[in-house]
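Since the structure comes first, as structure tokens, the remarks are kept for the end.
The values are calculated or read from the model by the stated rules, or taken from the named source; none is laboratory data. The shown structure was predicted, so the numbers you read here are calculated from the model rather than taken from an experiment. Cβ placement follows ideal geometry from the backbone for every residue including glycine, while neighbour counts extend to all protein chains displayed. Surface accessibility is based on the protein's heavy atoms, side chains included, excluding ligands, DNA and RNA. Shrake-Rupley method; radii C 1.70, N 1.55, O 1.52, S 1.80 Å.
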Amino acid sequence: MSTQKAPQKRRQTVPRIQARKGGKKPLTMLTAYTYAHARLVDAAGVDIILVGDSLANVCLGHETTLPVTVEQMVYHTAAVRRGTDHALVVGDMPFLSYNVSIPQAIENAGRFLKEAGADAVKLEGGTEVADVVRAISRAGIPVMGHVGLTPQTVSKLGGYKVQGKSALAARHLADACLALEDAGAFAVVLECVPSDVSSEITQRLEIPTIGIGAGPGTDGQVLVFHDVLGVFVDGFEPRFVKRYANIGEQAVKAISEFVQEVQSGVFPGPEHGFAMKQGEGDKLPDVLSDSTRGAVADGLVASETE
Ligand code: KIV
């Protein structure tokens, strides 16, 4: 028998993620929202786990990401941290948690590290949030940017639309990414951006880009846990999603079987139950008879706690 231990996978860090810029092996990022999700995603070898504010949609049933609070995000990020041994954990800062004032933004970002054990935070926006990114980053908190389709400003964008489709809009996006890089962001998400535009931006940046609906020319790819696994059996599926499993269908099938087996008396079987100590079953009718009623409360029958 070999005495050699299997090589332990090293924990991801911000510098190790940054060192993958322009490398042969693209970065992988997937969302997770619970301890159980994180165990699965981490076991699969994903580099970065994002506790996305898409939590509002896929876990809490809201139509937009706007209602989710810092409290909820920190709570879920802590659960994901407990389930993660290797991946970098990034907590998503929710709507208005970083736009009111710089001190408040630093405090809220700090909660993800102090209370939830996250490695970094992500926030949406470009040039207009560069000062906030600089301040949070200077406070020692690594920041991931997010430009293109930014769901928190969906009202302003007029819907969930591809961004940067004209050359001028692409220039605007490139400027936003350069401003984030200059402000100290360690990586940036490009969401729903034409593939040519994201490739060009990726080549002009020193920090890694991570795309979602942004084509193959970025330094990495991110998707939402529920989309990858096909957790929902109904609902809209964006074009950029690739479904790798149909967990939702399997889950409904399994749960329907449970319902059917309970209703038909198949479950639980003898193997799912517990037996009394030998000989105790015979005493049961007497002990449960009306004449011993209240005996336990009166201390006449010893209570059994083992
Ligand atoms: O909240 C989220 O899930 C995200 C990813 C889609 C990048 O921001």
Under 26 Å Cα to Cα from residue 122, which lysines show up? Leave out anything in the same chain fewer than 8 places away. 9, 21, 24, 25, 114, 156, 161, 165, 242
Tell me, what ³J(HN,Hα) does each residue in the stretch 100-115 have, in order and in whole Hz, if you take phi through Karplus 6.51 cos²θ - 1.76 cosθ + 1.60 with θ = phi - 60° and put x for Gly and Pro? 7, 7, 5, x, 5, 4, 5, 4, 5, 4, x, 4, 5, 7, 6, 8
With a 1.4 Å probe and every protein chain kept in, tell me what percent of the accessible surface of the chain is carbon plus sulfur. 56 percent
Length added when fully stretched, residue 101-residue 62, from 0.36 nm per residue minus Cα-Cα: 11.4 nm
So for the stretch 64-132, considering every pair of alpha-carbon atoms, how many percent are separated by more than 17 Å? 39 percent
Estimated dipole of the chain in Debye, rounded to 20 [Cβ of Lys and Arg +1, of Asp and Glu -1, Cα centre]: 1440 debye
Just going by the charge dipole of the chain, with Lys and Arg at +1 and Asp and Glu at -1 on Cβ, which of 108, 46, 254 is farthest out on the positive end? 46
Once the other residues with Cβ under 14 Å from the Cβ of residue 44 are scored (Lys, Arg +1; Asp, Glu -1), what is the net sum? -1
In the chain, once you exclude exposed chymotrypsin sites (Phe, Trp or Tyr not before Pro) (DSSP loop, at most 11 other Cβ within 10 angstrom), what's the longest stretch remaining? 1-235
Peptides 247-253, 198-204: what's the order by average Cβ count within 10 Å, highest mean first? 198-204, 247-253
Within the chain, helix-based [θ] at 222 nm, where runs of 4 or more DSSP H residues each add -39,500 (n - 2.57), nearest 500: -10500 deg cm²/dmol
Each residue of the stretch 116-123 in turn: what ³J(HN,Hα) in whole Hz from Karplus with 6.51, -1.76, 1.60 and θ = phi - 60°, glycine and Pro shown as x? 10, x, 5, 8, 7, 10, 10, 9
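Explain nothing, just the number: relative contact order of the chain, from Cα pairs under 8 Å at least 6 residues apart, as a whole percent.
Over the chain, the number comes to 13 percent.
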If you count only protein heavy atoms with a 1.4 Å probe, what accessible area per residue comes out for the chain, rounded to a whole Å²? 57 Å²
Kirkwood hydrodynamic radius, computed over distinct alpha-carbon pairs, for the stretch 146-245: how many Å, to one decimal? 14.0 Å
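Averaged over all directions, how much area does the convex hull of the C-alpha atoms of the chain cover when projected, in nm²?
The directionally averaged projection comes out at 25.6 nm².
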Could you tell me the distance between the Cα centroids of the stretch 218-239 and the stretch 151-186, to the nearest Å? 21 Å
